[in-house]
Amino acid sequence: MSKKQIFVTGATSGIGKETALQLADKGHDISIIARNEFKCKAVVDELQSRNRDGNFNYYIADFTDLASVQKTAKQIASNTEHIDVLINNAGAVYDKRILSADGYEMTLVSNHLAPFVLTHHLMPTILKSNWGKVITVASDSHFKGTMDFNDLHFEKNYFIMKAYERSKLANVLFTIELAKIYADRNFSSYAVQPGHVKSDIGAKTSSGLVHFAWNTYNSIFGIPTAEGAWTSVYLADDNGVNNLSGKYWDLKQPKPVSKIAQDEQLAKDFWNLSTEMTKQYLD
């Protein structure tokens, strides 16, 4: 096995942390990106305790703030010779409609626009790898996702799951278009369905009935975070999947995406819209 330089966002808890731990156990060097420095330090210490020969680091970024993501992405690009794998794992969901500083719906910002900006800045460094990879944690929720450019930020009829489903559809469209853009390079782009994992992604940004419902559903149907990390770890570690770019993965196997996500023109148009929305953060 060749040691890889892997970056994982949102790796201080849940699937992200478990992904980082499992990849460290396989001997890879890991850098994590999250917003809480105390938690970042604790995870780095745990990674080091499991792999004494590994090189582990952290960077601070707030995925609700595109300026913060831009700043950190530039810092990483200037400090890093190459990146073999970027795992866009960080995500959130909100029970109430919240707008970012740019006036964008916050679920879309955290789950799509922030990783869009991060990936943009890190692609030159990823392409310096012998074979670079971007893995984006999506969800089967994308099968219910819709894309309405005229009401992208749910000014009408906001609902927590509708916003989440749209953001996960965005992840899949992003993955497909990224694969096409770099199809002639030694590069792969994947989207991953982790399953419904026992995490606090819904509980930590909700209250009342939504908070209760999320925790109850988790306790009954949730799978362990270790299982939720399996497919991301597999794709990051295994070179046998290099030529399967642009696929959507579940349980270490590719599977078809939703009918909407198969629309190649939609993927291109949404990429262009995302570029327009984040243009001030792409320089």
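The values are calculated or read from the model by the stated rules, or taken from the named source; none is laboratory data. Nothing here was measured: the structure is a model prediction, and the numbers come from that model. Neighbour counts are summed over all protein chains in view; Cβ atoms, including those assigned to glycine, are modelled from backbone coordinates with ideal geometry. Surface areas here come from the heavy atoms of the whole protein model, side chains and all, with no ligands, DNA or RNA. Shrake-Rupley method; radii C 1.70, N 1.55, O 1.52, S 1.80 Å.
Computed values, structure above
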quantity: Karplus-derived 3J(HN,Hα), 6.51/-1.76/1.60, for each residue of the range 145-156, Hz, glycine and proline x; calculated: x, 10, 9, 10, 5, 7, 9, 5, 9, 6, 5, 10
quantity: Stretch gain in nm, segment N150-H82, where the contour uses 0.36 nm per residue and the Cα spacing is subtracted; calculated: 20.6 nm
quantity: Lys, Arg +1 and Asp, Glu -1 on Cβ, resulting dipole of the range 1-146 about Cα centre, debye, nearest 20; calculated: 120 debye
quantity: Solvent-accessible heavy-atom area per residue, rounded to whole Å², over the range 102-143 at 1.4 Å; calculated: 24 Å²
quantity: Neighbour net charge for D283 - beta-carbon separation under 13 angstrom, K R +1, D E -1; calculated: +3
quantity: Top of N88, N157, N57 by mean-square fluctuation, Gaussian network on the chain, Cα under 10 Å; calculated: N157
quantity: Gain on full stretching of the segment that runs from K268 to K41 - 0.36 nm per residue minus C-alpha separation; calculated: 77.8 nm
quantity: Given 15 as the ceiling on other Cβ atoms within 10 Å, longest exposed-site-free region of the chain for GluC sites (Glu not before Pro) in DSSP loops; calculated: 156-283
quantity: 3J(HN,Hα) from dihedral phi, the range 72-88, Karplus parametrisation 6.51/-1.76/1.60, rounded to Hz, x for glycine, proline; calculated: 5, 4, 5, 5, 4, 4, 6, 9, 10, 6, 7, 10, 7, 9, 10, 10, 7
quantity: Under 15 Å from the Cα of K4 - aspartates and glutamates, other chains or at least 8 residues apart; calculated: D25, D29, D53, E81, D84, D237, D238
quantity: Förster-model FRET efficiency, 41 Å R0, R52 and A101, C-beta, rounded to 0.05; calculated: 0.45
quantity: Restricting the range 74-183 to chymotrypsin sites (Phe, Trp or Tyr not before Pro) in coil, as DSSP defines it, with at most 12 other Cβ within 10 Å; calculated: F159
quantity: More than 10 Å apart - percent of Cα-Cα pairs taken over the range 97-136; calculated: 73 percent
quantity: Members of K71/K259; K26/K71; K133/K168; K168/K255 lying beyond 25 Å, as alpha-carbon distances in this model show; calculated: K71/K259; K26/K71
quantity: Rg/Rg_globular for the range 45-104, with Rg_globular taken as 2.2 N^0.38 Å and Rg from C-alpha atoms; calculated: 1.47
quantity: Dipole-positive endmost among V192, G54, S68 within the chain (Cβ charges, Cα centre); calculated: G54
quantity: Long-range HN-HN contacts of S31 with modeled amide H, under 5 Å; calculated: I6, F7, V8, N57
quantity: Cα-centre dipole for the chain with unit charges at Cβ (Lys and Arg positive, Asp and Glu negative), debye to 20; calculated: 240 debye
